[in-house]
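Below: one structure, written as structure tokens.
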Amino acid sequence: MNATPVGNHIRRLRFDAGEMTQGALAERVGITRQTVIALEAGRYAPSLELAFRIAQAFGKEIGEVFFWKG
Amino acid sequence: MHRVPSGLFWLLAPAAIGLWLIVAIPSRWHGIDTGAVGAGLLLAAAAAGLWLSGTIPDDGTSQRSPGEQGRWVALVFTGLIGALMLAHAGAFAGARTIAELGGIGRPVVMLLVGWLILASIARRRPGAGVQADERDREVARAADAVSHVVLALAIVAIAVTLGLTPPARLSWASPIAVANLLMFALVAAAFAGHGAALWHYRRDRA
């Protein structure tokens, strides 16, 4: 789970969404705030289902939120 | 950062006395079951600690998820049970009937039941939010794998010891002693699993 090859723009998207807090995002997608922290730090790669739910929370396509770092 | 209520520090004293009563004092003193009293004191301190920690408002900066906090509690309780079993290893080896181990068994059962009740209360705390998600389940899978390996190694070690040691040197291995050795292997495996889970949580934060 350390240094996952899946990157994301969650932090920027939260900022763009009226500075949504990590807690608010966590509550919206049904995860703990600490998982949001791990995702933003690139320490955890979400399941496909969670990736879709996060993208949906921001009203984006999944490819606009997550990308492959390799 | 919120200030930690000073009451939490005051709870260390009764918790330490409870631990001392369980581990260091003979199981009966003037007709009183000191193990049960110690376990009760320890559980009361843990319950009070849980209640006090619930009064600390969440300022959104805690790095530890509810799952990780639960693992810390589980690690402490399995560690206590393991330490209790080790401290009374001589009594386990010398016992010929289960009744002889009542003074040790009662606090162990009390700790187990108390831990389950405290964990259940912690999960149902009002405003506790999401308690576990897919990351916790992934950590649990990795922890279970470690626990499984430790248990398998311990069982093999016990089987080899019993199978290859000359009978004359196995006078300690009464059915009760072997049963408790297997229980200790289970506790050690659980302890290793909780430790592995905490290592995974810590790695996610590093």
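Rule-based calculations on the coordinates, nothing more; no lab input. The structure displayed is predicted, hence computed values, not measured ones. So basically every Cβ, Gly included, is an ideal-geometry build from the backbone, and we count neighbours across all protein chains shown.
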Helix axis angle, B:66-87 relative to chain B longest principal axis, alpha carbon, degrees: 20 degrees
Gyration tensor verdict on the protein assembly as shown (Cα atoms; rounded if a/c is under 1.5, prolate if a/b is larger than b/c, oblate otherwise): oblate
C-alpha long axis of helix B:34-54 to longest principal axis of chain B, angle in °: 20 degrees
Ordering of B:129-136, B:175-182 by packing [mean C-beta count within 10 Å, highest first]: B:129-136, B:175-182
Nearest 10 degrees, 0 to 90: helix B:134-164 Cα axis against chain B principal axis: 10 degrees
Shielding of B:197-205 by partner chains, average beta-carbon count, 10 Å: 3
Estimated distance in nm for a label pair at A:HIS9 and B:ALA119, the labels positioned 7 Å out from Cα along Cα-to-Cβ: 4.2 nm
Neighbour cut-off at most 12 other Cβ (10 Å), DSSP loop, GluC sites (Glu not before Pro), chain A: A:GLU19, A:GLU61
Percentage of interatomic Cα-Cα distances in the range B:6-205 larger than 21 Å: 60 percent
Separation in nanometres of the label points that stand 7 Å from Cα toward Cβ, at B:ALA152 and B:ALA179: 2.8 nm
Cα centre as origin, Lys/Arg/Asp/Glu Cβ charges: the range B:6-205 dipole, Debye: 200 debye
Modelled FRET efficiency - R0 25 Å, B:THR161 with B:ARG96, Cβ distances, 0.05 increments: 0.80
Simple spin-label estimate for B:TRP29 and B:GLU134 in nanometres, 7 Å along Cα-Cβ: 5.3 nm
